[in-house]
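Chemist: Handing you this structure, nothing more for now.
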Amino acid sequence: MSMNSFGHLFRVTTWGESHGPALGATVDGCPPGVEIDASDLQYWLDRRKPGQNKYTTQRREPDEVEILSGMFEGQSTGTPIQLMIRNTDQRSKDYGDIVEKFRPGHADITYWQKYGIRDYRGGGRSSARETAARVAAGGVARKALDVLCPGIEIKGFMTQMGPHGIDRSNFDWDQIEQNPFWTPDAKAAETWADYLDELRKSGDSVGAVVEVVARGVPAGLGAPIYSKLDTDLAAAMMSINAVKGVEIGDGMATAALTGSENADEISMGADGPEYASNHAGGILGGISTGQDLVVRFAVKPTSSILTTRQTITKSGEPAEIITKGRHDPCVGIRAVPVGEAMMACVVLDHLLLHRGQIGEGLRGKIG
């Protein structure tokens, strides 16, 4: 199966399946001399790993990352960094009923139609388990960003679960780490807890919206037309399992604005240009403005549910299916650290591209 890599200069290739012996990532293009320890990556993986509370899958995986290459005496060498995460809690027998059936809403049917073979154990490559490798690679990207562009901060959070959105007037950055939903609205977290508990007990699932913000990103990253920063950010977020929509800044809401409302007015500040608003999400013409990068993506409800659904078999016969196993009632929760990782990888990639073409800083001086 091709197309398992993303990035230009900072390039990540993920490998492995949900129920195989291990999965991981090959990270190529990390600059040399970056201090990286497995514990640095483990911090981010621990945020994504399953079984941490009743609102996520009860599959128990330590998600311990091993660094197999690309390091010497604690520093990156500039050669490929191989990361591996062993699977330890597979229950392949839970998927015996779907050997001949296709789960509605899942990639079972399209994988079969395209390749004529599929790994039915947990979905194989289509499983969200693959995202553990992305989070590990994102940890490498964060360490490189700390060296090349100190001050960049990347933060993800949930803004909506099903029909229930946050109240932006309750927004508290510190609250994000204080609840199981990574939400900045404490009141919303209480509502979501009751709502998801009922869904979980009924054997159903629900979708969510995740927002990722990168602060401290310098102006000038990205390029016109085919290498726009927002193009690569959108592609990166859209590649995450179960994501069905991506927007930058105000996104779809800009269709309801007038030009005078949408244009982010500019003034000259003590340290350079300042913007009165950020409808553009920190990107104009595919190039970063120096404002916060704001990306939002919608995650569909988990397809593997305990509710009976109609489907067909590989021979085309009608059938009913109930998906057994351990699954997230809202996959958006654990998508938050995945979105952060993809943001880190794309920002680093574009920082390297910028330095390769322009060098340090910016060509056009203002003031």
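Chemist: If we keep just the residues of the range 1-25 that are within 25 Å of Cys149 (Cα to Cα), of a type outside the set (Gly, Ala, Ser) and open to solvent by 40 Å² or more (accessible area, probe 1.4 Å), which is farthest from the chain's Cα centre (by Cα)? Working first, answer last.
Modeler: Step one: filter the range 1-25 for residues within 25 Å of Cys149 (Cα to Cα), giving 5-13, 25.
Next, only the ones that are of a type outside the set (Gly, Ala, Ser) stay: 6, 8-13.
Still in the running and open to solvent by 40 Å² or more (accessible area, probe 1.4 Å): 6, 8-9, 11, 13.
Working: Phe6: 13, His8: 18, Leu9: 19, Arg11: 16, Thr13: 15 Å.
By that ranking, first place goes to Leu9.
Chemist: Next question. Does His279 satisfy being within 30 Å of Asp204 (Cβ to Cβ) and either open to solvent by less than 70 Å² (accessible area, probe 1.4 Å) or polar (S, T, N, Q) (or both)? If you could, list the steps in order and put the result at the bottom.
Modeler: On the way: within 30 Å of Asp204 (Cβ to Cβ): no; either open to solvent by less than 70 Å² (accessible area, probe 1.4 Å) or polar (S, T, N, Q) (or both): yes.
Spelling it out, it is not the case that His279 is within 30 Å of Asp204 (Cβ to Cβ) and either open to solvent by less than 70 Å² (accessible area, probe 1.4 Å) or polar (S, T, N, Q) (or both).
Chemist: Sticking with this structure for a sec: Go through the residues of the range 259-266 one by one and say whether even a single one is within 30 Å of Glu100 (Cα to Cα) and either touching a residue at least 40 places away in the same chain (Cβ under 8 Å) or in a loop (DSSP other than H, G, I, E, B) (or both).
Modeler: Taking the range 259-266 as the starting set, the residues that turn out to be within 30 Å of Glu100 (Cα to Cα) are none.
Within the range 259-266, none of the residues are within 30 Å of Glu100 (Cα to Cα) and either touching a residue at least 40 places away in the same chain (Cβ under 8 Å) or in a loop (DSSP other than H, G, I, E, B) (or both).
Chemist: Let me ask something additional. Among the residues of the range 123-140, is there at least one that is at pLDDT below 95, of a type outside the set (Phe, Trp, Tyr), at positive phi and buried (at least 20 other Cβ atoms within 10 Å of the Cβ)?
Modeler: yes
Chemist: Mind checking which strands (runs of 3 or more DSSP E) fall wholly inside the range 12-88 and carry at least 3 residues that are of a type outside the set (A, V, I, L, M) and modelled with pLDDT of 95 or more?
Modeler: Answer list for the range 12-88: 22-28.
Chemist: Would the range 184-200 turn up any residue that is buried (at least 20 other Cβ atoms within 10 Å of the Cβ) and not hydrophobic (A, V, I, L, M, F, W, C)?
Modeler: yes
Chemist: Determine which single condition Ile240 fails, assuming it passes every other condition in (1) modelled with pLDDT under 95; (2) under 24 Å from the mean Cα position of the chain (by Cα).
Modeler: Here Ile240 meets the rest and fails (1).
Chemist: A further question on this structure: I want to confirm something. Restricting to the range 94-135 and keeping residues that are outside any helix (DSSP H, G or I) and free of Cβ contacts under 8 Å to residues at least 12 places away in the same chain, which single residue is nearest to Ala242 (Cα to Cα)? Before the answer, list the steps.
Modeler: The first filter runs over the range 94-135 and keeps only residues outside any helix (DSSP H, G or I), leaving 99-107, 116-123, 127.
Those still in the list that are free of Cβ contacts under 8 Å to residues at least 12 places away in the same chain too: 116-118.
Numbers: Gly116: 22, Ile117: 21, Arg118: 18 Å.
Taking the candidates together, the pick is Arg118.
The values are calculated or read from the model by the stated rules, or taken from the named source; none is laboratory data. All values derive from a computational prediction rather than experimental measurement. Every residue, glycine as well, gets a Cβ built from its backbone with ideal geometry; the counts of neighbours run over all protein chains shown. When the accessible area is computed, the model is the full protein with side chains, heavy atoms only, and any ligands, DNA or RNA have been set aside. Shrake-Rupley method; radii C 1.70, N 1.55, O 1.52, S 1.80 Å.
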